[in-house]
Amino acid sequence: MKQRKLVVISAGLSQPSSTRLLADQLSASAVRAAGLLGVTLDVQVVELRDLAHEITDNMLTGFAPASLKQAQEAVTAADALITVSPVFSASYSGLFKSFFDVLDKDALIDKPVLLAATAGTARHSLVLEHALRPLFSYLRAAIIPTSVFAASDDWGANSVEGPLRGRIERAAAELAREVERREPAVVTDPFALTANFEDMLKNL
Amino acid sequence: MQFGIFSVSDITTDPTNGRTPTEAQRIKDIVTIAKHAEEVGLDVFALGEHHNEPFFSSSPTTTLAYIAAQTSTLQLSTATTLITTNDPVKIAEDFAMLQHLADGRVDLTLGRGNTGPVYPWFGKDIRAGIPLAIENYALLNKLWREHTVDWQGKFRTPLQGFTSTPRPLDDVPPFVWHGSIRSPEIAEQAAYYGDGFFANHIFWPASHTKQMVGLYRQRFEHYGHGSADQAIVGLGGQVFLNKNSQDAVKQFRPYFDNAPVYGHGPSLEDFTSQTPLTVGSPQEVIDKTLGFREYVGDYQRQLFLLDHAGLPVKTVLEQLDLLGAEVVPVLRKEFAALKPAHVPDAPTHASLVAARAAAAEKKEEVTA
């Protein structure tokens, strides 16, 4: 079995949170789907609520406090991400965006990312396409074709084996295939020296 | 080891009483502060350069020359001199001039400046910050070492048969430190020339400073200037002192909470644990400062930031009294006891003149 790292980012605020519920279902499905392909996924969940102060501090001071730094390092070293935001004012939440605002802009390059969002009504479902997808396109992530949206309706009594379950399985299977066919993530140090001085002088 | 203070020259409203000093007052205060640094036994005063409000220090060499005239031992430096937006020809001239007036008590710290809007005011682009720093310093270095210079580069008009005047005092250029918060290229530049590396240190965690200084030391050795532990390292630091630790915290908190750089962000306690900031008793400052050596090695210069965030000049002078009487004498003794003999002190004009004479003598012996 290959070992790979999956980091799940949940921006839900309440306890319990439907955002976290969707994140957990997606990661459980991804672990199962990857297992069928011979890949063991180690899952780490990052709850952004727990890092809210640190994210603001990072924005103001320019460096990440230790707990946020650990989360950033886990994301950078991950072989795949699942990111789930609640919809606030017709977009991802400010906290969700802020986490990525203070992440190194190269951290997600070519990393498989499954996008998901939750809201009170299905009328917000295109937030995945007009808000989340452009953000992760900018960050040059390898976005999984199927993204998953869950409204309050989807958690209703009759929906356990309904359309949401199908979308979760499909998206998780796509993510698992991306992870399986890739080499493990390589972490580069943004503060490492990449050129010697003679070359810097020559290539002004 | 050298101990001193550095000022960023901010004019900030005192958050405890709403008073803002005038430019005239703040400029006179900085002179008083620098003179007092010498009086309490500190070695270095370094002044920043800014071209935007709320800062006054657009012309550091003017200020430093005025301070030089009223002091006798204080080493005058900068924190930092903008190598990106200044013309290197003017830097060469200004600092050689200052060197003569101050009888050699001058060095300088080069920095890029991270205020985006400033660059275009001087016809430059912040995105070219690193190439500007590299090319401009290459020219500055040449202007101080060669009498007649022919030069062509990317960022300024070419020079033909140009001589920068006055020539450096005794034909020995001022020692140069390269300052950086987060650019490995600048550590590499300092190492390449065998110049000093000054880590800002105060805004980022110790682990980061350790990595940058480690890189500089390793490359200093790579370029043949000596062993890694002989590289010339300076650190920033930030302190607020009171004989009673709790009083220090109480007194400093409103200034911290409203400070222009990190105010309204992390708590004083968080920032203290994450960065070199020490708010407390002289003994606490001594302990934390001695701890810097554990992650950067034996180093040559420690500068503290004291006058900022709206602190009244009276408080700053009291801080200097405490620093000079209770902190620096202990640090001097402790650091000296720990430093191995082969680790050099920070270069001064006298030591650079002596080093040149020694090198010339050695050369003569070889030819004879």
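For the reader, a short list of remarks on this structure follows.
- Hey, B:Phe175 within 16 Å of the chain's Cα centre (by Cα) and of a type outside the set (Val, Ile, Thr) or not: yes
- For region A:155-204, the tally of residues that are away from chain B (no Cβ under 14 Å), outside any helix (DSSP H, G or I) and within 20 Å of the chain's Cα centre (by Cα) stands at 6.
- Residues satisfying the stated conditions in region B:191-233, i.e. farther than 30 Å from B:Tyr262 by Cα and aromatic (Phe, Trp, Tyr): B:Tyr192, B:Tyr193, B:Phe220, B:Tyr223
- Residue count for region B:3-34 satisfying the condition of being within 20 Å of the chain's Cα centre (by Cα) and open to solvent by 60 Å² or more (accessible area, probe 1.4 Å): 2.
- Boolean, A:Ala71 is without any contact (Cβ under 8 Å) to a residue 40 or more places away in the chain and within 30 Å of B:Thr275 (Cα to Cα): yes
- Restricting attention to region B:220-251, the residues that are among the β-branched types (Val, Ile, Thr), in a loop (DSSP other than H, G, I, E, B) and either surrounded by fewer than 19 Cβ atoms within 10 Å (Cβ to Cβ) or within 14 Å of chain A (Cβ to nearest Cβ) (or both) add up to 0.
- Residues located in region B:313-368, provided they are within 19 Å of B:Gly291 (Cα to Cα) and among the aliphatic types (A, V, I, L, M): B:Leu323, B:Val327, B:Val328, B:Val330, B:Leu331, B:Ala336, B:Ala337, B:Leu338, B:Val343
- Tally of residues being within 18 Å of A:Val87 (Cβ to Cβ) and either touching a Gly at 6+ places or on another chain (Cβ under 8 Å) or open to solvent by less than 40 Å² (accessible area, probe 1.4 Å) (or both) across region A:122-142: 6
- Within region B:193-219, being of a type in the set (Val, Ile, Thr) and either more than 16 Å from B:Glu294 (Cβ to Cβ) or surrounded by fewer than 19 Cβ atoms within 10 Å (Cβ to Cβ) (or both) holds for one residue alone: B:Ile202.
- Residue in region B:102-109 that is basic (Lys, Arg) and touching a Leu at 6+ places or on another chain (Cβ under 6 Å) present: yes
For every residue, the table says whether it meets (1) crowded, with 17+ Cβ neighbours inside 10 Å; (2) acidic (Asp, Glu); (3) within 20 Å of B:Phe6 (Cα to Cα).
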residue	(1), (2), (3)
B:Val285	yes, no, yes
B:Gly297	yes, no, no
B:Gln302	yes, no, yes
B:Pro312	no, no, yes
B:Pro329	no, no, yes
B:Lys339	yes, no, no
B:His342	no, no, no
B:Thr348	yes, no, yes
B:Ala354	no, no, no
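- Taking each residue of region A:42-64 that is touching a residue at least 60 places away in the same chain (Cβ under 8 Å) and at the interface with chain B (Cβ under 8 Å from one of its Cβ atoms) and looking for partners that are part of a helix (DSSP H, G or I) and of a type in the set (Phe, Trp, Tyr) with beta-carbon atoms closer than 9 Å, six or more apart or interchain, yields nothing.
- If you go through region B:161-174 and keep only what is assigned to a helix (DSSP H, G or I) and of a type outside the set (D, E, K, R), you end up with just B:Leu169.
- Candidates are the residues of region B:285-344 that are touching a Pro at 6+ places or on another chain (Cβ under 9 Å) and β-branched (Val, Ile, Thr); the one that is nearest to B:Gln274 (Cα to Cα) is B:Thr289.
- Meets criteria (away from chain A (no Cβ under 14 Å), assigned to a helix (DSSP H, G or I) and among the charged types (D, E, K, R)) for B:Glu269: no
- Residue check for A:Arg32: surrounded by fewer than 21 Cβ atoms within 10 Å (Cβ to Cβ), in contact (Cβ under 8 Å) with a residue 40 or more places away in the chain and in contact with a Gly (Cβ under 8 Å, 6 or more places away or on another chain): no
- Per-region count, region B:252-262, residues in contact (Cβ under 8 Å) with a residue 60 or more places away in the chain, open to solvent by 30 Å² or more (accessible area, probe 1.4 Å) and more than 14 Å from chain A (Cβ to nearest Cβ): 1
The values are calculated or read from the model by the stated rules, or taken from the named source; none is laboratory data. All figures in this text were calculated on a predicted structure; none of them were measured in a lab. For neighbour counting, all protein chains shown are included, and Cβ atoms are generated from backbone atoms with ideal geometry for every residue, glycine included. Keep in mind that these areas ignore ligands, DNA and RNA; they rest on the heavy atoms of the full protein, side chains included. Shrake-Rupley method; radii C 1.70, N 1.55, O 1.52, S 1.80 Å.
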